[in-house]
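Read the figures in this text as sums done on the coordinates, not as results from a lab. Source: prediction; values computed, not measured. Backbone-built Cβ (ideal geometry, glycine too); neighbour counts: all protein chains shown.
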Amino acid sequence: MKSMDHIELLDISHNSITNLNQKSRDAISSNGSPNLSVLLFDNFLSCAVCEDYEFIQWLLLNQTPVKRKQELTCHNEHNKKEKIKPSHQ
């Protein structure tokens, strides 16, 4: 993900992604394309352990280019699917 200046759509849906590491999140957040949209649907996103907290917080940021965040789900420590939402809800 070195140079994403001209990418408008990064569709990483339908994979086995559990989270995005800090390096990947930084590359997406600091890309040169103001029109970048990221799709993460149908992955096995995790919200089971403390290490997932930063990833979930990043997803919830308004400026994060991940689209339709309100439809994303993650798997908790009991392997049950739940909606990704701010912790105060």
Computed [θ] at 222 nm, helices only, for the chain once each DSSP H run of length n ≥ 4 contributes -39500 (n - 2.57): -5000 deg cm²/dmol
Residues with amide H under 5 Å from that of Ile17, placed H, sequence gap 5 or more: Phe44
Student exercise, segment 19-89 dipole from Lys, Arg, Asp, Glu Cβ charges, in Debye to nearest 20: 260
Between segment 8-29 and segment 54-79, the alpha-carbon center distance in angstrom: 11
Chain lengthening between Thr64 and Asp26 when straightened (0.36 nm per residue, less Cα-Cα): 12.6 nm
Model label zone, Asn35; criterion: amide N under 20 Å from point 7 Å along Cα-to-beta-carbon; scope segment 47-78: 63-68
Fraction of antiparallel bridges per DSSP, the chain only, in percent to nearest 5: 40
Mean Cα-pair separation over length for segment 9-83, i.e. relative contact order, pairs under 8 Å, 6 or more apart, %: 33
Alpha carbon Rg of segment 9-83, scaled by the compact-globule rule 2.2 N^0.38 Å: 1.05
Qualifying GluC sites (Glu not before Pro) for segment 8-89 [loop in DSSP, other Cβ within 10 Å: at most 11]: Glu8, Glu77
